[in-house]
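All remarks here apply to the structure that follows.
The values are calculated or read from the model by the stated rules, or taken from the named source; none is laboratory data. Everything numeric here is computed off the predicted structure, so don't read it as measured data. Glycine also receives a Cβ, built like all others from the backbone with ideal geometry; neighbour counts cover every protein chain displayed.
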Amino acid sequence: ILGATFCPTDGYADSYSIVSGFASAAKRLGVKVHEETEVTGIELTNDKVKGVLTTRDKFEAPIVVNAAGPYAGIVGGMVGLDIPIHPSRRHIFITEPLFSRPNRLESLNRPNLPMVVDFHNGFWLRREGLCLLFGMRNPDEPDGFSTSVDWRFFTDTLAQVACHRLPGLSDIGIMRAQAGLHSDTPDYMAILGETPTIHGLYLACGFSGHGFMHSPAVGRLMADLVLGRETPLLNTWSLGLDRFRYQVEPRES
C-alpha cells in the first residue's frame, strides 16, 4: 500500500432500519405504502400523466415520481422514454462472528473500525456487529437483473482479493451472502427532475450506488420540485434527463 486517505467524520448506517423509519414516518402523515405491487403501465392524456396501472389496482394521479432504481428504465419505457439506467449486480458477504474463537483478526475487535475501500479493484469491507461485511463488483459481468449469488465469482476472484487485502480472512467462514442491483448511469450521476416530454412525470433514479446517502436531500428536493417551490439545495437542470441528449456536464454537490 503506497497511500490512503481517512476521514474521521465518515460513517455508515443500517439502510433497512432507516428506510423502514422513512416508511413509518410517511404512514403517520397519511401516505399509503403498497408492497409487492408491480407497476404495469402509466396512463397519459395529451402527454400529461393521468395515473398508474399496477398488478393490484389503478391509481389516478397527475404526478408520478419514477424512483424505481434499476428498473427505472423499464418504467420509463412504458411511456416511450429512453432512460439510460444500467443495472449491475453487487454482492455482500457476511462472515461468521470474528471473535467467538482466536484468529488472526483480533486487531479488528474495536467498535470504531472504519469502512475500508480499495479503489484499485473496488473491494470494500466494514464491521457488522461481531462479523465482517465485504464485497466487490465483478468487472467482467455484463448488465443484468440477476440477484442470485455468484459463488464461482466468490471462489475464483473475490475470496483471493479479500484474503490478499486481509490475510486473516482465510481463517474465517462465510455465514451468509446476498446480491442486489446498482442502477448506474453513463456518467454515474443521478437523474433528477421532470421529464422534458411528459408533464407530471418526475425522475429520481440512477444514483449509481449513492442513493441511500443522498436520499434525505433528494426527498426534500423532489418535494420542492413537485410543489413548484424554489429549492435552495441545487439547480437540477444539469442533472436532468436531457443532459444525455445535449451532452451537458452534470454538476452535483
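Tally time: how many residues in region 129-148 are of a type outside the set (S, T, N, Q) and crowded, with 16+ Cβ neighbours inside 10 Å?
Here the count works out to 7.
If you check Leu234 against the conditions, is it at pLDDT below 90, hydrophobic (A, V, I, L, M, F, W, C) and farther than 30 Å from Leu2 by Cα?
Yes: the conditions hold for Leu234.
Just need a number here: residues in region 133-189 that are touching a Cys at 6+ places or on another chain (Cβ under 9 Å), in a helix (DSSP H, G or I) and of a type outside the set (Gly, Ala, Ser).
Qualifying residue count for the region: 1.
Let me spell it out: the conditions are (1) surrounded by fewer than 13 Cβ atoms within 10 Å (Cβ to Cβ); (2) more than 27 Å from Ile85 (Cβ to Cβ), and Leu166 meets all of them except one. Which number is the exception?
(1)
Take Gly180 and decide whether it is surrounded by fewer than 17 Cβ atoms within 10 Å (Cβ to Cβ) and either closer than 30 Å to Leu225 by Cα or not assigned by TED's automatic domain parsing to the domain that holds Asp143 (or both).
Considered against the rule, which asks whether it is surrounded by fewer than 17 Cβ atoms within 10 Å (Cβ to Cβ) and either closer than 30 Å to Leu225 by Cα or not assigned by TED's automatic domain parsing to the domain that holds Asp143 (or both), Gly180 comes out as yes.
Select from region 210-243 the residues that are in a loop (DSSP other than H, G, I, E, B) and either in contact (Cβ under 8 Å) with a residue 40 or more places away in the chain or of a type in the set (Phe, Trp, Tyr) (or both) and write down the one among them that is surrounded by the most Cβ atoms within 10 Å (Cβ to Cβ).
Ranking the qualifying residues of region 210-243, first place goes to Leu241.
Just one of (1) touching a Leu at 6+ places or on another chain (Cβ under 9 Å); (2) over 30 Å from Gly80 (Cα atoms); (3) among the small types (Gly, Ala, Ser); (4) at pLDDT 90 or above trips up Ala177, so point out which.
For Ala177, the failing item is (1).
Pick out the one residue from Thr9, Thr5, Thr45, Thr55 that is in contact with an Asp or Glu (Cβ under 7 Å, 6 or more places away or on another chain) and either within 30 Å of Leu125 (Cα to Cα) or outside the structural domain of Met115 (by TED's automatic domain parsing) (or both). Outline the logic, then answer.
Details: Thr9 fails: in contact with an Asp or Glu (Cβ under 7 Å, 6 or more places away or on another chain); Thr5 fails: in contact with an Asp or Glu (Cβ under 7 Å, 6 or more places away or on another chain); Thr45 fails: in contact with an Asp or Glu (Cβ under 7 Å, 6 or more places away or on another chain).
Answer to the check: Thr55.
Scan region 69-81 and tell me whether some residue there is touching a Lys or Arg at 6+ places or on another chain (Cβ under 8 Å) and β-branched (Val, Ile, Thr).
No.
Residues are listed down the side, and each one gets a yes or a no for (1) touching a Ser or Thr at 6+ places or on another chain (Cβ under 9 Å); (2) modelled with pLDDT of 90 or more; (3) aromatic (Phe, Trp, Tyr); (4) farther than 30 Å from Met222 by Cα:
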{"position": "Asp150", "(1), (2), (3), (4)": "no, yes, no, yes"}
{"position": "Gly168", "(1), (2), (3), (4)": "yes, no, no, yes"}
{"position": "Gly173", "(1), (2), (3), (4)": "yes, no, no, yes"}
{"position": "Leu192", "(1), (2), (3), (4)": "yes, yes, no, no"}
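Condition check: touching a Lys or Arg at 6+ places or on another chain (Cβ under 9 Å) and either modelled with pLDDT of 95 or more or within 26 Å of Asn112 (Cα to Cα) (or both). Does Asp187 satisfy that? Before you say what the answer is, go through the steps one by one.
On the way: touching a Lys or Arg at 6+ places or on another chain (Cβ under 9 Å): yes; either modelled with pLDDT of 95 or more or within 26 Å of Asn112 (Cα to Cα) (or both): no.
No: the conditions fail for Asp187.
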